[in-house]
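This report concerns only the one structure given below.
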């Protein structure tokens, strides 16, 4: 338990392909996991279509509310890639060609047919932006103020997150410990409630599943204080065992 | 192309486990696909933590803006299941025990240790709600006004969606046709832009990938007018082939 500042983030997914059900989003989970290690809490995600006013409205709302805002998608070379324009509009700045981005793309496409007008779109940035290196393909990500503009393709975003590792100020990372039992969560609900009540500052998540013809649940105990997590896990474990269930450390 | 009413929906995912990166959301994609078949467009998704005021604020904003609002998560028997309370607060109604839900749970738990106080939590609904049958487990979903409260566990939500199939008023479903080519999307960007310009009412999405050491992209042509989609696909296909790329029908 501590009174230190908590750093927060939101993710804005820009993509008709997610909203149509065509593509399963993978960026939220990877950004969430990465933020956790940086000591930053992901507090909200929004997914909006490739419509400029929708993107702008979400950018304005989310960047004001959280310390950091990450966007994914819409930064490629095609007509439906409008994220940079939306970011510029949300910030009230112009869109310019970033000279370093242009040089990166020129080098990257030298042996790949040259830098066409469509490809040059990927060097467009809101005025005042810095680049986020992308070692997977030519096109860089963009950083401006508390806004981080990442790719839609998950392995490219992974490369950009790598480049940002340790660059963002964060707080104490959350410590989490999972235990599991072949018990219906309804049978241990009171024990969970008691565990949370007895250990202030700790949050217990309960995640039921149905596997091999049986019901079970995993319980994730979280806090920024590792000793607090350990004490709560020990107490919860003892109470679930006393109720007649074997407990598996690390979850089932 | 038609001037008919477009029906819209949003999904609100309630879940610390998604925001922590622990669980990969699967409900958005399945609800999106299901909505598509009902002739309803998914226009926005928000993911919020298990914090009542956050859930209430998102409920109020989204149900006013879209025809339908689906929530997932937070309807189990444990202390972190607060969706029903948040919905009741957002609508300004009380939480009551639904007699049919209670009867369903009594029957379901008859051979499973009986209906405990924790399990009875799953019969709590906002006053005035109807139930959405759930053939997978005892606990039903909830329907009240334009709000549909579904489970967090994807296969349970799938069962609830089945029960709702054909129940919601929708418009013309979107027709989509995908073609693919082993071309960098930057090489065909102009052709896509032209294809969209020449076929009003059609939207073309471009989805690049990197596979087997090569870059390629799939192009999804969408409209409510099937003839329009077919015409646009034929024109796009011809122009991509003219640029020297083989085109794969149905995508790569």
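The values are calculated or read from the model by the stated rules, or taken from the named source; none is laboratory data. The structure presented is a predicted model; accordingly, all values stated were derived computationally and were not measured. Reconstructed Cβ throughout: ideal geometry from the backbone, glycine too, with neighbour counts over all protein chains shown.
Of the candidates B:13, B:37, the single residue that is within 14 Å of chain A (Cβ to nearest Cβ), buried (at least 24 other Cβ atoms within 10 Å of the Cβ) and under 26 Å from residue A:22 (Cβ atoms) is B:13. Search region A:40-52 for residues being within 7 Å of another protein chain (Cβ to nearest Cβ) and farther than 16 Å from residue B:14 by Cα, and hand back the single one that is surrounded by the most Cβ atoms within 10 Å (Cβ to Cβ). Across region A:40-52, the extreme among qualifying residues is A:48.
Just one of the numbered conditions (1) surrounded by fewer than 19 Cβ atoms within 10 Å (Cβ to Cβ); (2) without any contact (Cβ under 8 Å) to a residue 24 or more places away in the chain is not true of residue A:20: (1). Would you point out which residue out of A:141, A:114, A:171, A:152 is surrounded by fewer than 19 Cβ atoms within 10 Å (Cβ to Cβ) and within 18 Å of residue A:70 (Cβ to Cβ)? Of the residues listed, the single one that is surrounded by fewer than 19 Cβ atoms within 10 Å (Cβ to Cβ) and within 18 Å of residue A:70 (Cβ to Cβ) is A:171. For region A:172-179, the criterion of a residue being within 14 Å of another protein chain (Cβ to nearest Cβ) and farther than 23 Å from residue B:23 by Cβ is satisfied by no position.
Taking region A:60-79, which residues are more than 10 Å from residue A:10 (Cα to Cα) and more than 9 Å from chain B (Cβ to nearest Cβ)? It would help to see each step written out before you state the result.
Narrowing region A:60-79 to residues more than 10 Å from residue A:10 (Cα to Cα): A:60-61, A:64, A:72-79.
Hits for region A:60-79 are A:60, A:61, A:64, A:72, A:73, A:74, A:75.
The set of residues in region A:226-239 being crowded, with 17+ Cβ neighbours inside 10 Å and closer than 24 Å to residue B:19 by Cα consists of A:228, A:229, A:232, A:233, A:236.
Results for (1) within 14 Å of another protein chain (Cβ to nearest Cβ); (2) more than 20 Å from residue B:62 (Cα to Cα); (3) in contact (Cβ under 8 Å) with a residue 24 or more places away in the chain, shown as yes or no for each residue.
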site	(1), (2), (3)
B:121	yes, yes, yes
B:126	no, no, yes
B:131	no, yes, yes
B:135	yes, yes, yes
B:141	no, no, yes
B:147	no, no, yes
B:151	yes, no, yes
B:160	no, yes, yes
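Within region A:222-236, can you find the residues that are in a strand (DSSP E or B) and either within 12 Å of another protein chain (Cβ to nearest Cβ) or over 27 Å from the mean Cα position of the chain (by Cα) (or both)?
Looking only at region A:222-236, we keep the residues that are in a strand (DSSP E or B), and these are A:222-223.
The one that is in a strand (DSSP E or B) and either within 12 Å of another protein chain (Cβ to nearest Cβ) or over 27 Å from the mean Cα position of the chain (by Cα) (or both): A:222.
Residues in region B:181-217 that are surrounded by 20 or more Cβ atoms within 10 Å (Cβ to Cβ), more than 9 Å from chain A (Cβ to nearest Cβ) and outside any helix (DSSP H, G or I): B:181, B:183, B:199, B:202, B:216. State yes or no: is residue A:31 more than 10 Å from chain B (Cβ to nearest Cβ), in contact (Cβ under 8 Å) with a residue 60 or more places away in the chain and touching a strand residue (DSSP E or B) at 6+ places or on another chain (Cβ under 7 Å)? No: the conditions fail for residue A:31.
The set of residues from region A:159-168 being surrounded by 16 or more Cβ atoms within 10 Å (Cβ to Cβ) and assigned to a loop (DSSP other than H, G, I, E, B) comprises just one member, A:168.
Only one of A:123, A:151, A:183, A:139 is in contact with a helix residue (DSSP H, G or I) (Cβ under 8 Å, 6 or more places away or on another chain), in the same structural domain as residue A:33 (by TED's automatic domain parsing) and more than 16 Å from residue A:85 (Cβ to Cβ). Can you tell me which?
Details: A:123 fails: more than 16 Å from residue A:85 (Cβ to Cβ); A:183 fails: in the same structural domain as residue A:33 (by TED's automatic domain parsing); A:139 fails: more than 16 Å from residue A:85 (Cβ to Cβ).
Testing whether each residue is in contact with a helix residue (DSSP H, G or I) (Cβ under 8 Å, 6 or more places away or on another chain), in the same structural domain as residue A:33 (by TED's automatic domain parsing) and more than 16 Å from residue A:85 (Cβ to Cβ) leaves just A:151.
Quick one: would you say residue B:241 is more than 22 Å from residue A:15 (Cα to Cα), in a loop (DSSP other than H, G, I, E, B), away from chain A (no Cβ under 14 Å) and in contact with a strand residue (DSSP E or B) (Cβ under 7 Å, 6 or more places away or on another chain)?
Details: more than 22 Å from residue A:15 (Cα to Cα): yes; in a loop (DSSP other than H, G, I, E, B): no; away from chain A (no Cβ under 14 Å): yes; in contact with a strand residue (DSSP E or B) (Cβ under 7 Å, 6 or more places away or on another chain): yes.
Answer is no for this residue.
Looking only at residues in region B:133-158 that are within 15 Å of the chain's Cα centre (by Cα) and part of a loop (DSSP other than H, G, I, E, B), which one is farthest from residue B:72 (Cα to Cα)?
Residues of region B:133-158 within 15 Å of the chain's Cα centre (by Cα): B:146-158.
From what's left, part of a loop (DSSP other than H, G, I, E, B): B:146, B:151-153.
Numbers: B:146: 15, B:151: 5, B:152: 5, B:153: 8 Å.
The residue in question is B:146.
Against the definition (in contact with a helix residue (DSSP H, G or I) (Cβ under 9 Å, 6 or more places away or on another chain) and closer than 25 Å to residue B:193 by Cβ), how does residue A:158 come out, yes or no? The answer is no for residue A:158.
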